[in-house]
Structures are given as C-alpha cells and as structure tokens.
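The values are calculated or read from the model by the stated rules, or taken from the named source; none is laboratory data. Being a predicted model, the structure only gives us computed values, none of them experimental. A quick note on method: Cβ atoms are made from the backbone with ideal geometry, for glycine too, and the neighbour counts reach across all protein chains shown. Quick note on the areas: whole protein, heavy atoms, side chains included, nothing else; ligands and nucleic acids left out. Shrake-Rupley method; radii C 1.70, N 1.55, O 1.52, S 1.80 Å.
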Amino acid sequence: MAEQQQSCAPKPLNLQACATRDDWLVPCEGGVTAAQGFQAVGVHAGFRADPNRLDMALVVADEPCACAATFTKNVFCAAPITVSRRHLDEVGYGIARGIVINSGNANAATGSVGLETAERTTEIVGEAIGCPPREVLVASTGVIGQHLDVSPYLNTMPQAVASLSPEGGNSAARAIMTTDTVSKEAAVQFSGDDLGYPGVTFTVGGMAKGSGMIMPNMATMISVITTDAPILPDVLHAALVGAVNKSFNKVTVDSDTSTNDCCFVFASGAAAPGAAHAFAPETPAYERFVAALDEVCQTLARKMAADGEGATRLVTVTVAGAANDADADLAARAIANSPLVKTAICGHDANWGRIAMAIGKCGAHFAQEDAAIDIMGLPVCRGGLTVEFDEDEALRRFENPEIAIEVDLGAGDVQTTVWTCDFTHDYITINGDYRS
C-alpha cells in the first residue's frame with residue numbers, strides 16, 4: 001500500500017476553504033478613523049530621541065461610546081494594561097472616550113511608579129479632550145523595565161488634541177510602530193439597506209502594530225478598532241473576543257507573548273444616530289458586523305505576521321483532520337513556532353520532515369500512518385511516508401510572498417489556520433541589540 005501511494009501522483013489536500021471576504025464587504029481607506037465619529041493623530045512627543053519619528057498616537061471618539069478590549073495574559077503585564085482594565089471595570093467593556101498610545105517605552109515592570117504614570121496619563125488626556133480620566137484608556141509599547149517620563153504627555157497633549165482629525169488614522173498607525181517596517185491599517189464597509197437601516201453604510205476600521213515578541217494569548221501587539229455601528233458594550237466585547245480568537249490569537253512570530261498586548265474596539269453608533277435598537281446577537285445586522293470585524297482583525301493579523309522581525313515570507317499554516325479544536329491548534333502552533341520549520345522556509349528548503357517532527361511532538365492525537373502534508377500545494381507526505389516531488393518546482397514556488405503549509409492529521413474533521421513568518425538572520429540582528 002505504501003509503495004502504491006508513493007508511485008501514484010497524489011492530489012493536493014482538499015482542505016476547507018479559509019474564510020474569505022464576503023461580496024457585501026467593501027474595503028475602504030481611513031484605518032482607525034474610517035468609521036464616523038472618530039478622530040486621531042500621531043505626533044512626536046519625545047518618547048523617542050529621533051525628532052522625525054512619531055511616537056504618540058491619540059484616538060478620540062466625538063462622544064463617550066461603547067468600548068471593549070482584550071488584554072495579554074502574561075503575568076508580567078504592563079502598567080497601562082492594569083489601568084485600562086480598571087477603567088473597563090475589570091470585565092473588558094464599558095464606556096470610553098479615547099485611547100492614548102506611546103511607543104519607545106513599555107512602562108512594564110515599573111511597579112507602583114508605572115501605575116501612577118499610567119493613571120496620570122489618563123488625567124492629562126481627559127483634561128485635554130474634556131472627559132473624566134476613567135473614560136481614557138492607555139497603552140504603551142517599547143522597552144521593558146524602564147520608567148516612563150510623563151512630561152512628553154504634558155508638553156505635547158494640547159498640540160495633539162488640536163491636531164485631531166478624521167484623516168489622522170495613518171499618522172496614528174505610524175506612531176505606534178516599534179520594529180515594524182510598515183504601518184498596519186484596514187477598513188471595510190457594509191450596507192444597512194437590508195438590515196433595517198435603509199441608506200446607511202456601516203464601517204469597521206482599525207490599526208495595529210506588531211512585529212516581534214508575538215504569540216498572542218489574548219502578541220508586541222497593540223490594536224485599536226473603531227466602528228460607527230450601534231452596539232452595546234457587553235455585546236461588543238463578545239464580538240471582539242470571537243474575532244481576536246480567529247485572528248490575533250492565531251498569529252505567532254516567535255512564540256513569545258508580550259507584556260503589553262491589547263486590542264480595543266470602540267463603537268460610536270454615529271452611522272445611525274438615534275437608532276431605536278442596537279445590533280443584537282443572532283440578528284442579521286449583528287452577523288454582518290461580526291463578519292466585518294473578523295475581516296478587519298484577520299487582515300491586520302496577516303499584516304503582522306508578514307511583517308515579523310526580519311521576515312521575508314508570510315507563512316500560512318492550515319491543519320485539518322484534527323479530532324478537536326485543541327488538537328488542531330496544538331499542531332498548527334507547533335509547526336508555526338518551530339525554528340527548524342521557519343529556518344527551512346528562509347532557506348527555501350521543502351523539508352517536510354521538520355513539519356512531521358513538529359506535529360509529532362505536540363501532543364495532538366493522530367496516527368502517523370494517517371498524516372498527510374503539502375507544501376505550497378505540492379504533496380510531500382501521504383500516509384506518513386515520503387512522496388516524490390519536483391525540487392525545482394518547489395524552489396520556484398518558494399519565490400511566492402506567501403508560503404502555504406497544509407497538514408491533514410486524518411483523525412477528525414476540525415480545521416484551523418495560524419499565520420507566522422520565516423526566521424532570518426535579521427531576526428537575530430534586530431533582537432540582539434533591541435535596547436540600543
């Protein structure tokens with residue numbers, strides 16, 4: 001049987017199609033300010049020495065609105081995480097007016113001084129935009145273990161607030177970058193015509209940063225998303241948790257979860273002011289919103305994986321045939337986190353043995369003789385045994401900007417997808433002297 005499998009030309013794995021954007025979702029420009037009711041700005045406040053580098057972002061809603069968030073599960077969490085959790089009543093949702101984010105200093109492992117700095121920051125922002133400090137959320141990214149000077153907030157906030165605009169999304173996205181090589185934005189729109197909101201267009205948009213220390217357990221990732229749909233805070237939180245679990249929690253660059261990971265979503269309701277009812281679960285309007293939120297989060301997640309520190313390739317790992325969700329995730333993460341797999345991709349080596357090694361050690365339940373592996377659509381393993389493939393064709397396919405690894409465990413019908421990147425010499429260079 002094994003010889004027969006090897007002598008036949010096996011077909012690529014027939015996996016379920018990954019989620020793709022629905023036709024009614026229309027991409028648009030604007031990022032975190034694409035939705036109505038929001039303004040943003042990115043400025044150089046002085047957290048970084050380079051005066052030409054933006055290092056503080058401010059996103060503000062025109063009015064206090066529904067807000068929800070997910071946070072890192074790293075026990076060594078940063079002061080801004082603790083403060084933002086408090087401002088959302090420790091449940092991850094509530095009412096907020098805006099968020100301020102600095103880059104260059106994580107304000108993590110800074111004790112009571114760091115907490116005081118984060119709280120003082122919310123006071124400074126609240127006074128500048130005209131709201132209670134409790135309606136201000138805060139996030140930081142950068143070097144861990146260094147105290148954050150509050151004076152850049154004091155000195156720059158009046159200028160930043162005066163510069164807020166609905167066109168400020170891109171500058172905000174650039175201001176939160178650390179080792180990112182590009183800013184990361186996404187936005188989509190959908191019509192409310194058949195949802196009980198004739199003539200209304202709803203928008204979901206957002207920005208994110210993240211390039212290294214990324215394997216979210218909620219990656220250094222921070223994301224802010226906005227929508228002008230009418231949604232209550234607890235419902236918004238449920239939608240966000242679901243979206244994060246299918247996007248940011250499916251990204252890994254280096255298997256490390258940051259102390260500062262967080263994702264926030266604000267819902268202004270400005271597209272349908274005076275709406276009699278907010279979007280409710282199990283309604284067509286809510287389902288459309290969830291699909292739009294998923295699209296934005298997954299687009300940002302893929303951009304983070306593609307921009308992993310030193311990366312040259314986005315890697316999409318799909319594991320099918322798992323007995324349950326946990327096994328599918330175990331196997332996909334084992335592949336995506338394997339330095340041997342990631343360096344093989346950097347070297348354009350279709351070494352499927354490393355993939356087999358990764359799934360074999362991960363603890364997922366399957367039998368070796370049931371496993372199948374494809375690399376970039378080329379069958380390389382069937383029934384746990386090698387399949388002859390054209391090495392020249394594999395090298396040609398390695399020139400693609402996205403590398404697909406597909407595995408079928410043959411143990412069930414559950415499938416998942418995780419996004420990662422290759423490991424290059426530049427990853428070591430970037431992280432070897434990060435503090436400098």
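Descriptive notes on the structure:
- Exposure ranking of 382, 354 by accessible area [1.4 Å probe, largest first]: 354, 382
- The range 83-171: relative contact order in percent, alpha carbon pairs under 8 Å with at least 6 residues between: 36
- Cα→Cβ-extended label distance, 7 Å offset, between residue 392 and residue 22, nm: 4.7
- Cα-based Lys proximity count in the chain, under 19 Å, for pairs eight or more positions apart or on separate chains: 15
- Highest average packing first - 371-379, 183-191, 124-132, Cβ atoms within 10 Å: 183-191, 371-379, 124-132
- Gain on full stretching of the segment that runs from residue 50 to residue 182 - 0.36 nm per residue minus C-alpha separation: 45.8 nm
- Extending 7 Å from the Cα toward the beta-carbon at both residue 146 and residue 62 defines two label points whose distance is 4.0 nm.
- A 1.4 Å probe, protein heavy atoms only, puts the accessible area of residue 244 near 0 Å².
- Helix-only arithmetic for the chain: the sum of -39500 (n - 2.57) across DSSP H runs with n ≥ 4, divided by the residue total, places the mean residue ellipticity at 222 nm at -9500 deg cm²/dmol.
- The largest accessible area among 357, 56, 177 belongs to the first residue in 357, 177, 56, and the rest follow in falling order (1.4 Å probe, all chains).
- Cα gyration tensor, the range 37-194 - rounded (a/c under 1.5), prolate or oblate: rounded
- Gained length - residue 413 relative to residue 323, 0.36 nm times residue gap less alpha-carbon distance: 31.8 nm
- Electrostatic dipole magnitude of the chain [Cβ: Lys, Arg +1; Asp, Glu -1; Cα centre; debye, to 20]: 860
- Shape of the range 313-419, Cα gyration tensor, a/c cut at 1.5: prolate
- For the chain: rounded, prolate or oblate by the Cα gyration tensor [a/c cutoff 1.5]: prolate
- DSSP-defined antiparallel bridges as percent of all bridges, the chain, nearest 5: 70
- Sequence of 389, 289 from largest to smallest accessible area, 1.4 Å probe: 389, 289
- Ordering 100, 314, 347 by the projection of their Cα atoms onto the charge dipole of the chain, which places +1 on the Cβ of Lys and Arg and -1 on the Cβ of Asp and Glu, puts 100 at the extreme positive end.
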